[in-house]
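Reading through the structure tokens given below for one structure.
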Amino acid sequence: MEINLIEELPFDHWNPAVDAAVQSSVTTALERGRVLYLPRLGFQVRPEEQRFLAADWSDGKSKNIYLRGAERRLRGAHGNPDDLRGLREMLERFGQQARQLVEALFPHYRAHLEFGNTSFRPCEIEGRSSSYRKDDTRLHADAFPSNPTGGARLLRVFCNVNPFGKPRVWRVGEPFPDMAAKFLPKVRRQWPGEAALLNALGITKRRRSEYDHLMNELHDRVKADLDYQRDVPQQRVEFPPGATWIVFSDQVLHAVLSGALMLEQTWMLPVDGLLDRDTAPLKVLERLTGRALV
Ligand code: SIN
Ligand code: FE
């Protein structure tokens with residue numbers, strides 16, 4: 001079945017002037033699980049930074065090069081101190097521009113956003129092998145086993161910086177509530193004491209709420225179900241170089257099929273910061289299970 005989740009926006013500047021009516025309509029579209037697509041907004045890679053647009057800056061251990069949350073130390077890269085300083089500068093500039101964009105489009109979120117990782121994803125996706133849980137070529141809503149959010153949203157800005165004309169190819173799938181209604185009956189409940197144990201062992205960075213447990217289960221079960229992957233209503237989207245797109249990645253079912261060299265910025269947003277809290281996965285799962293999950 002065909003779906004269309006793309007909401008195209010004309011902005012070509014990282015700090016656009018956006019009037020209040022547009023701010024409210026783009027915020028609503030985002031919260032309803034649409035992909036905000038800005039085909040005319042590219043990230044300016046400086047001449048001296050062009051050399052960073054290659055896979056060989058990765059340290060080979062982690063798939064991405066990134067600055068972690070508030071800490072901002074460069075991780076996942078190798079090179080001499082000058083190179084690493086230059087890479088860090090490029091990621092930092094992207095993060096700041098992405099922040100301007102998000103604050104211009106969604107002023108309602110401003111006071112609530114928690115700045116997260118800035119990542120650079122240099123490696124080609126196609127042909128990369130991994131376990132099914134880590135296989136992002138399968139549709140999924142983001143949930144990170146070691147990083148419980150307690151219900152907070154994951155807001156992400158992506159920008160394709162491929163210098164060879166190669167698009168980033170995604171699939172996006174049916175609305176979160178439809179997926180959740182199908183898979184919730186199949187998930188296992190948390191064992192008594194499980195969250196405390198994972199936390200004590202340092203497997204989770206904070207205590208995993210029942211919400212986080214369910215999000216992890218949904219993530220894994222959706223990826224494991226190949227019939228669902230094939231048959232679910234979905235849309236293939238190509239994001240060309242020089243384009244930016246924005247999603248709530250804990251809500252929008254997404255998969256990346258191919259592409260290399262992309263920048264990405266993440267924020268956490270508490271449910272109370274949303275215009276419409278009922279659209280949050282937390283509220284959807286609480287309605288479906290009939291109980292409080294955090
Ligand atoms: C993902 O969040 O699943 C991967 C998206 C991408 O790298 O394009
Ligand atoms: Fe993902």
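The values are calculated or read from the model by the stated rules, or taken from the named source; none is laboratory data. Keep in mind the model is a prediction, meaning the values are calculated, not measured. Neighbour counts run over all protein chains shown; Cβ positions are idealised from the backbone, glycine included.
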Q) List, please: which pairs have Cβ atoms under 6 Å, are six or more places apart or on different chains, and start with a residue in the stretch 261-287 that is more than 28 Å from residue 186 (Cβ to Cβ) and end with one that is among the hydroxyl-bearing types (Ser, Thr, Tyr)? A) 264/119; 265/118; 269/109; 273/109; 275/27
Q: Looking at (1) in contact with a Ser or Thr (Cβ under 7 Å, 6 or more places away or on another chain); (2) in a helix (DSSP H, G or I); (3) of a type in the set (D, E, K, R), find the lone condition where residue 230 falls short.
A: (1)
Q) Which residue out of 255, 280 is modelled with pLDDT of 95 or more, under 23 Å from residue 117 (Cα atoms) and away from ligand 2 (no atom under 16 Å from the Cβ)? A) 280
Q: May I ask you to list the residues in the stretch 190-218 that are crowded, with 16+ Cβ neighbours inside 10 Å and not in a loop (DSSP other than H, G, I, E, B)?
A: 195, 198, 210, 211, 212, 213, 214, 215, 216, 217, 218
Q.
Of the conditions (1) outside any helix (DSSP H, G or I); (2) closer than 21 Å to residue 63 by Cβ; (3) aliphatic (A, V, I, L, M); (4) within 16 Å of ligand 2 (Cβ to nearest atom), residue 237 satisfies every one except a single condition; which number is it?
A. (2)
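A quick yes/no check of all residues on (1) of a type outside the set (S, T, N, Q); (2) in contact with a Ser or Thr (Cβ under 7 Å, 6 or more places away or on another chain); (3) within 25 Å of residue 237 (Cα to Cα):
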position: 19; (1), (2), (3): yes, no, no
position: 27; (1), (2), (3): no, no, yes
position: 32; (1), (2), (3): yes, yes, yes
position: 35; (1), (2), (3): yes, no, yes
position: 38; (1), (2), (3): yes, yes, yes
position: 43; (1), (2), (3): yes, no, yes
position: 50; (1), (2), (3): no, no, no
position: 54; (1), (2), (3): yes, no, yes
position: 59; (1), (2), (3): yes, no, no
Q: For the stretch 85-100, indicate whether the set of residues that are more than 16 Å from residue 263 (Cβ to Cβ) and crowded, with 16+ Cβ neighbours inside 10 Å is non-empty.
A: no
Q: For the stretch 157-168, enumerate the residues that are within 13 Å of ligand 1 (Cβ to nearest atom) and surrounded by fewer than 22 Cβ atoms within 10 Å (Cβ to Cβ).
A: 162, 166, 167
Q) Would a scan of the stretch 240-262 turn up a residue that is of a type in the set (Ser, Thr, Tyr), closer than 25 Å to residue 25 by Cα and touching a Ser or Thr at 6+ places or on another chain (Cβ under 9 Å)? A) yes
Q.
Just checking, does the stretch 160-172 include any residue being at pLDDT below 95, at negative phi and of a type outside the set (A, V, I, L, M, F, W, C)?
A. no
Q: Considering every residue within the stretch 151-161, establish whether at least one is of a type in the set (Lys, Arg), within 21 Å of residue 34 (Cα to Cα) and not in a helix (DSSP H, G or I).
A: yes
Q) Within the bounds of the stretch 134-147, is there any residue that is of a type outside the set (S, T, N, Q), within 16 Å of ligand 1 (Cβ to nearest atom) and part of a helix (DSSP H, G or I)? A) yes
Q | Members of the stretch 240-272 found to be in a helix (DSSP H, G or I) and touching a Lys or Arg at 6+ places or on another chain (Cβ under 8 Å), listed by number | A | 271
Q: Scan the strands (runs of 3 or more DSSP E) fully inside the stretch 1-69 and keep the ones with 1 or more residues being modelled with pLDDT of 95 or more, among the hydroxyl-bearing types (Ser, Thr, Tyr) and under 18 Å from the mean Cα position of the chain (by Cα).
A: 35-38, 65-67
**Q.** Test: residue 212 is in contact with a Pro (Cβ under 8 Å, 6 or more places away or on another chain) and either away from ligand 1 (no atom under 16 Å from the Cβ) or of a type in the set (Val, Ile, Thr) (or both)
**A.** yes
Q.
Considering only residues that are closer than 22 Å to residue 213 by Cβ, away from ligand 2 (no atom under 15 Å from the Cβ) and surrounded by 18 or more Cβ atoms within 10 Å (Cβ to Cβ), which ones fall in the stretch 101-148?
A. 148
